[in-house]
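Enquirer: Before anything else, here's the structure in question.
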Amino acid sequence: MSQIIVDEQLGKTEVLLPLRRWVTALKIESSRPFEVIKDDRVLQILRELKRPTFVTIDSKFYDKRHCDKRYCLVYFVLTPLEQNQLPGLLRRLLQLPFFNTRAARMGKVVRVSKTGVRYWQLNDDEEYNLEW
């Protein structure tokens, strides 16, 4: 099972519990229970975990410079009120050939919207675009 790490700003009932019905999912703060986790610390924590996929609605994470072979970042273009759509969009993403295994996802920084997927991958200057 994939290890999905959920950003702290995402809700338990809207995102975490629906994800747990079909995938192993944890809130980022559960990896460091006695620490306040700021955005600049997230990438360091992800590097210490075993090949996680981090999901967020924070656009700052969609940055080509964040590509790293040790993790995958997935930014969803959703407002806080739309976050209940994230589990369905993530499931849809994970069914695509470029994202359907942990190994395939590593090194990618992904932007998921209702119309499609854009992503950067490690050691590649091209931004890829996939429509749903």
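Enquirer: Contact list please: Cβ distance under 6 Å, first residue in segment 4-15 and surrounded by 14 or more Cβ atoms within 10 Å (Cβ to Cβ), second residue of a type in the set (Phe, Trp, Tyr), pairs at least six apart or on different chains.
Expert: Ile5/Phe54
Enquirer: Considering only residues of segment 25-42 that are surrounded by 10 or more Cβ atoms within 10 Å (Cβ to Cβ) and either among the aliphatic types (A, V, I, L, M) or in contact with a His (Cβ under 7 Å, 6 or more places away or on another chain) (or both), which is modelled with the lowest pLDDT?
Expert: By that ranking, first place goes to Ile37.
Enquirer: Would you mind stating whether Ile45 is in contact with a Pro (Cβ under 8 Å, 6 or more places away or on another chain), among the aliphatic types (A, V, I, L, M) and outside any loop (DSSP other than H, G, I, E, B)? Full working, then the answer.
Expert: Working: in contact with a Pro (Cβ under 8 Å, 6 or more places away or on another chain): no; among the aliphatic types (A, V, I, L, M): yes; outside any loop (DSSP other than H, G, I, E, B): yes.
Against the criterion (in contact with a Pro (Cβ under 8 Å, 6 or more places away or on another chain), among the aliphatic types (A, V, I, L, M) and outside any loop (DSSP other than H, G, I, E, B)), Ile45 does not qualify.
The values are calculated or read from the model by the stated rules, or taken from the named source; none is laboratory data. Bear in mind that the values here come from a model prediction, so they are computed numbers and not experimental data. Ideal geometry is used to build each Cβ from the backbone, glycine not excepted, and the neighbour counts take in all protein chains shown.
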